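The values are calculated or read from the model by the stated rules, or taken from the named source; none is laboratory data. Owing to the predicted nature of the structure, the values given are computational and were not obtained by experimental measurement. Heads up, the Cβs are rebuilt from the backbone with ideal geometry, glycines too, and the neighbour counts pull from every protein chain shown. What goes into the accessible areas is simple: the full protein's heavy atoms, side chains included, and nothing from ligands, DNA or RNA. Shrake-Rupley method; radii C 1.70, N 1.55, O 1.52, S 1.80 Å.
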Amino acid sequence: MVYYIGSIEKNKNNGETLRFYDKLEKEEYEKLDTAYCTLKQFTSIYNYYKMVEENRKELYKAIKKSKTNEEISCANYMSYEKSTVYNINRLTINFVGIFYSYINNIEYDISREYGKNSLHYEKLQEITNRYFEYNFEYRFLYRLRNYCIHHDLPINQINYTIGTKLKDFAINSNILMEHPEEWKHLETDFMSRKTISLYDVVNNFQNLLLNFNKEISLINKKEIVEAMLLLARYIYIPLDNTLLIMA
């Protein structure tokens, strides 16, 4: 196998020409490939974070809009449940599903790249365990995904006052605890939270998620910096932006 440094030339008509320059030794190519994979993993974590946050924001906006958009009466309760509650449940399931995938995807990537006996994996476990232990929203949403898959829809209660438009979409913890196997480490939480406001959970989760992603993204900070410095040696962008040279 022969490896080359190549370039892509862009002309004024937006055409592209591929050219080859110096050869690369196999060892040099493998270093570049490792650096590329490191940055690809970093980008993947960020993209997953964006998907989680976009799903969170979509759910938050839907709840906020629905809290005051329509007065519930005995006459329209059934139609309201079929439309609005259906949509909130759908968005909630999407949100907890992508959050669960985000966590497990990071764990898979770190364990595959560095091994489960590595300091990187140890740091990952420290971060996830800390957030799980000290943040109700984190552990609740993480467990809620399994509940939705194996048992029922998340929203099981709407708190509202007849004659007003104010309402809150809630989750009754007594109903959740009908399946205690899904709620390990949350028993104490549910003792003090008989009713869980989905609006509050989703709202409080925004900064928590941001801080969590910052910590997770820099588990392999040393490798990320080394990869950027290595790849920078093979990239050249001239002043006219017509040429990009890369390995």
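Couple of notes before you dig in:
- Its Cα centre serving as origin, the range 1-150 has a Cβ charge dipole (Lys and Arg +1, Asp and Glu -1) of approximately 560 debye.
- In the chain, taking the dipole from charged Cβ atoms about the Cα centre, the farthest positive-side position among TYR29, CYS148, ASN172 is held by ASN172.
- Positive minus negative residues near MET228 (Lys, Arg vs Asp, Glu; Cβ under 14 Å): +3
- Helix runs (DSSP H) in the chain reaching 18 Å along axis by Cα, Kyte-Doolittle at least 1.0: none
- Using a probe of 1.4 angstrom and keeping all protein chains present, the accessible surface of the chain works out to 60 square angstrom per residue.
- Contact order normalised by residue count of the chain, Cα under 8 Å, 6+ apart, percent: 29 percent
- Surface share of carbon and sulfur [accessible, 1.4 angstrom probe, percent] for the chain: 52 percent
- Max mean-square fluctuation residue, GNM over the chain, Cα-Cα springs under 10 Å, options ASN156, ASN14, ASN104: ASN14
- Choice from TYR234, TYR46, TYR131 showing the highest fluctuation, given a GNM over the chain with Cα pairs closer than 10 Å: TYR234
- When Rg and Dmax are taken over the Cα atoms of the range 1-48, they come to 14.7, 37 Å.
- Extension gain (nm, one decimal) between VAL225 and ARG193, 0.36 nm per residue minus Cα-Cα: 7.1 nm
- Net charge contributed by nearby residues that have their C-beta within less than 12 Å of ASN207 (K/R +1, D/E -1): 0
- Straightening the chain between GLU28 and GLU58 buys 6.3 nm, computed as 0.36 nm per residue apart minus the Cα-Cα spacing.
- Projection of the Cα convex hull of the chain, averaged over all directions and equal to a quarter of that hull's surface, yields 19.6 nm².
- All aspartates and glutamates inside 17 Å of LYS40 as judged from Cα atoms, apart from same-chain residues fewer than 8 positions distant: GLU30, GLU107, ASP109, GLU113, GLU223, GLU226
- Under 12 Å, Cβ to Cβ, from GLU182 - net charge with Lys/Arg +1 and Asp/Glu -1: 0
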